[in-house]
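Before any comments, here is the structure.
The values are calculated or read from the model by the stated rules, or taken from the named source; none is laboratory data. Source: prediction; values computed, not measured. Because the Cβ atoms are built from the backbone with ideal geometry, glycine has one as well, and the counts that use them run over all protein chains shown. Just so you know, the surface numbers come from the protein's heavy atoms only, side chains and all, with ligands and any DNA or RNA stripped out. Shrake-Rupley method; radii C 1.70, N 1.55, O 1.52, S 1.80 Å.
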Amino acid sequence: MILTEDASDRKRHIEEKLQQEQETLSFIRESLEKSDQLTKNMVSILSSFESRLMQLENSIIPVHKQTENLQRLQDNVEKTLSCLDHVISYYHVAKDTEKIIKEGPAGRLEEYLNCMAKIQKAVEYFQDNNPDSPELNRVKFLFEKGKESLESEFRNLLTRHCKAVPPVIILDLIAGDDEIETAEDPALNLLPENILQDLTCISMWLVEYGRNLDFMNVYYQIRSNQLDRTIKGLKEHFRKNSSSSGVLYSPAIQNKRKDTPSKKAIKRPVFIPGHDHELRGKHLSDTLNEKHGPAVGKEDILDSEIDSYIHCVSAFVKLAQIEYQLLTGIIPEHHQKKTFDSLIQEALDGLMVEGESIVSTARRAIMRHDYSAVLTIFPILKHLKQMKQEFDQVLQGTAASTKNKLPVLITSMETTGAKALEEFADSIKNDPDKEYNMPKDGTVHELTSNAILFLQQLLDFQETASAMLASQETGSSTSTYNFEFSRRLLSNYICKILGNLQLNLHSKAKVYEDTALGAVFLLNNFNYILKSLEKSELIQLVAVTQKNADKTYKGHIDEQLHIYQRSWGKVTSPINESNMPAIQPGTKLKDKERQAIKDRFKAFNDGLEELCKIQKSWAIPDKEQRDKIRRAQKENVTGVYSNFWQKYANVPFTKNTEKYIKYRVEQVEDMIEKLFDTSA
């Protein structure tokens, strides 16, 4: 029974499961059927949508194409209208711009250039599209008119604003250099900034559109004239102030300026040391005029002319540098060097002509044997050499003929200077021995003072003089040699001058009939030479080739002193004890002995009076030498006379004692003390 119930339960359970599964299958079947139905419905819907889309597409595409065509047509119309407006605008350019073009660019350059740009485009349009149009001629005319107006404005701006730079400002520029830290860029002072900008704009337009470079000729002509006027104004400034106390520099520079390194004042006064009158004869540099009376102030004028030329050279270099800076902002780069070359020619040629004139004047003076003229060349040549490097930098890129102008002038000055130095040495040697040309009092000869002064001038220009001497000997400049070689060259030349001078002085001394006066003459000249050498650097230069020159001259002076002292033999010889007869004390003098004593006293008196009278008018300018000679003569003469006087003054050799014993020893000393003094 139990088994039967279990089997029945399992069967029932199985049946229930089968029934559930059948229900599940039935549900799935129904779901599938519904899904198929839905799919069919969806497919039907999609098919209907596709059909409608195809119908829509078939309707829209033609409309789209038509719209696209219409848009294209509209764009073409707009472009055509725009082109027509653009073309029509070219026909209005002449009318729109004519008034502005005729009125010119003054005061409205930017607007004017915009009008010119429109005209330029109109010209290009008509040339390309309608060359036969009358409008082409009209805009061409306006373009040419506008270009001429721009060129005229360029010229007017330059002419109106280019003014000569005041001389005081130029001198400040030269003298100040780096000393004035607040100084503005001088290039900005030549033209106002707004004018410079206008010139630059016009220049750029003329180069790009004008296709005419004539404005560059206008530029260099106007600026060249301004540069030349500035240099000439500086010369005139020096000329006006040469004989007055006019202010050369502005107050900003007056207390700060450094001495011009290239030029030292040439020493003019020539006095014999210790003498109370000026040397006879004209000074070496007194060549300005012999016919117009005393040359008062002419040496100062000569110095001013030299100073003026030196400053003008410096001014040219500074101004040329500034001009080039100004030019680079206005003139196209590939035309700058040529324009600059043309711009500086007038001023540069003026300086070179003036330099050659100085050289020519020196040559003519040298032909007249006036060698002082070479002194004007020395400071100028020294300055030109100092400025040559700056010259070369400024003229870099200019024509070879422009670059060579300064070297040619330097060579010309060196050649002339070398010739003058050589001929001066010969003139010292060959100066004629004329009695009328000899100082009556035996003082320093004009030739000596001139020669020494000339040599002293060389001290300020040793390098320059050495270059001249080197060019004379080797044809080259001393700049290729060292300092010692240059000093040796100059030392040799100075020694040559001194040697020639010594030979000539010995020859001149023979002109004097009185040997003693000849000795005084040589003593004065040798002493003057020695003192002059010792008071300057000349003695150091002479010592380069002659170690003991001072001792040599002292020996010459002592030699002439001894010769002079021998002239007093006619005074001391008669009263020399060796020439007197022996007289026994207490014995009566014989007539012959009395006469011998009389003759000795008379010979001494006559000789003393004669020499004192003659030599009183002689001159020994140097007080030290004068006192030395007087002391020596006192010792020599009074020593002998004192012995003679003590021995014979109380001897009864005459009744007329005052006739023979005229002078006491003290009186003789007083007479000798008055030698070489015409006022005594």
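Please list the equivalent ellipsoid semi-axes of segment 601-680, computed as the square roots of five times the alpha-carbon gyration tensor eigenvalues, in descending order and whole angstrom.
Three semi-axes, in Å: 27, 13, 8.
For ALA117 and ALA543, FRET efficiency with R0 = 56 Å and r from the beta-carbon atoms, rounded to 0.05? Write down the numbers at each step before the final one.
On the way: r = 80 Å, r/R0 = 1.42.
Working from the Cβ atoms, E equals 0.10.
Through the Karplus equation 6.51 cos²θ - 1.76 cosθ + 1.60, θ set to phi - 60°, convert the phi angles of segment 44-50 into ³J(HN,Hα) values in whole Hz; use x for Gly and Pro.
So the Karplus estimates, Gly and Pro as x, are 5, 4, 4, 5, 5, 5, 4 Hz.
If I take R0 = 22 Å and measure r between the Cβ atoms of GLN646 and LYS588 in this structure, what FRET efficiency does the formula 1/(1 + (r/R0)^6) give, to the nearest 0.05?
0.60
Give me a comma-separated list of calculated 3J(HN,Hα) values for segment 658-675, in order, Karplus coefficients 6.51, -1.76, 1.60 applied at θ = phi - 60°, integers in Hz, x for any Gly or Pro.
5, 5, 9, 9, 8, 10, 7, 4, 5, 5, 5, 4, 5, 5, 5, 5, 8, 4
Whole-Hz Karplus ³J(HN,Hα) for segment 132-139, in order, using 6.51 cos²θ - 1.76 cosθ + 1.60 and θ = phi - 60°, x for Gly and Pro?
8, 5, x, 5, 4, 5, 5, 6
List the aspartates and glutamates whose Cα lies under 12 Å from the Cα of LYS531, skipping any in the same chain that are fewer than 8 positions away.
The reachable aspartates and glutamates, counting only those whose Cα sits under 12 Å from LYS531, are ASP550, ASP622, GLU624.
Considering only protein heavy atoms, what per residue accessible area in square angstrom results for segment 20-116 with a 1.4 angstrom probe?
Each residue of segment 20-116 exposes 83 Å² on average to a 1.4 Å probe.
Among the GluC sites (Glu not before Pro) in segment 588-617, which ones are in a DSSP loop with at most 16 other Cβ atoms within 10 Å of the Cβ? Mind listing them?
Answer in residue order: no site qualifies.
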